[in-house]
1. Taking a virtual spin label 7 Å from the Cα of Val200 along the C-beta vector, which residues in the range 31-50 bring their backbone nitrogen under 16 Å of it?
2. Given the rule -39500 (n - 2.57) for each run of at least 4 DSSP H residues, summed and divided by the residues of the chain, what is its mean residue ellipticity at 222 nm, to the nearest 500 deg cm²/dmol?
3. Test of understanding: given the chain, find the longest segment containing no GluC sites (Glu not before Pro) that are in a DSSP loop and have at most 10 other Cβ atoms within 10 Å.
4. Using a simple spin-label model with points 7 Å from Cα along the Cα→Cβ vector, what separation in nm is obtained for Tyr146 and Ser184?
5. Rounded to whole Å, give me the distance from the Cα center of the range 214-240 to that of the range 50-86.
6. Kindly flag which residue pairs out of Lys64/Lys224; Lys17/Lys92; Lys40/Lys214 have an alpha-carbon separation exceeding 29 Å in this structure.
7. Got the relative contact order for the range 157-239 handy, in percent, Cα pairs under 8 Å and 6 or more residues apart?
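Coordinate-derived values only; no laboratory data. Everything numeric here is computed off the predicted structure, so don't read it as measured data. Positions of Cβ are backbone-derived with ideal geometry, glycine not excepted, and every protein chain shown enters the neighbour counts.
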Amino acid sequence: MDTLKNYGHFESTMCFKIEAVGTSHYRSRISKLAQNPVGKRALSFFIAYLVLDNKNPYDSNAVKVVIEGKTVAHLSREYAKTYRSYISDLPKYVEHISVAAAITNGMTTPDGGEYEYTIELDIPDSLKIYLSSKPQADEPVRRFGYANPQPDEDGNVEVTVWMPVSDPKDLHESLSVEEWTKDSWDTVNYYVDNRQRAGVGFKIYELPKQEYAKIFGNGPTVAKLTLGKNRFAVLRIEPVR
């Protein structure tokens, strides 16, 4: 896009509470941005522009989500009204807003199945506080979110992991983490219990079996999760001794 010179940037809280809508219409574009391998869920971070879509034939309050020059989603109809009320008092030079964004969840499976991508936006609750005093340079920003395991001298691993839910109340208060895999899987996966402790919970990390064997041998391991103040937490994995 060539109209993004006058915009404000809201500093990231790293909480990513707002989920965009309509991503299924832009799957091909989002996939090219996410660049996640077959069989691996997306987790990558970008700068997203929130552009007023005043000529949208379906919603006069529509707001587009634009990443690297391409529309990839919209704000929900309800939240678009809220967002417009937020920015109505901003300086007149501000035509567009940029925020941190995460592309998550989407995946193509080895057998050709598809999981839809999610775009989560880090829009603060009080936008004026985070208005940048200077517009940021119009440069694409991209960062991939997977952490590489780095065992310490005792054979333990600590990694920063992305929490799949923005509200910690969706997790069981014990923060119990379980190791789980199957013979047919290429990875050993770690799941944290959901609030009801129903099903397998939320997947928060995976290790390729080759990496797992190098670090932990045949296993098993125990894991502990420590939450932070945002969407990131620390997962500590230790061999059972």
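1. Taking a point 7 Å out along Cα→Cβ of Val200, the residues of the range 31-50 whose backbone N falls under 16 Å are 39-42.
2. Rounded to the nearest 500, the figure is -3000 deg cm²/dmol.
3. After excluding every exposed loop site, the longest remaining stretch is 1-152.
4. 2.2 nm
5. Each part reduced to its Cα centre gives a spacing of 39 Å.
6. Lys64/Lys224
7. The normalised contact order for the range 157-239 reaches 36 percent.
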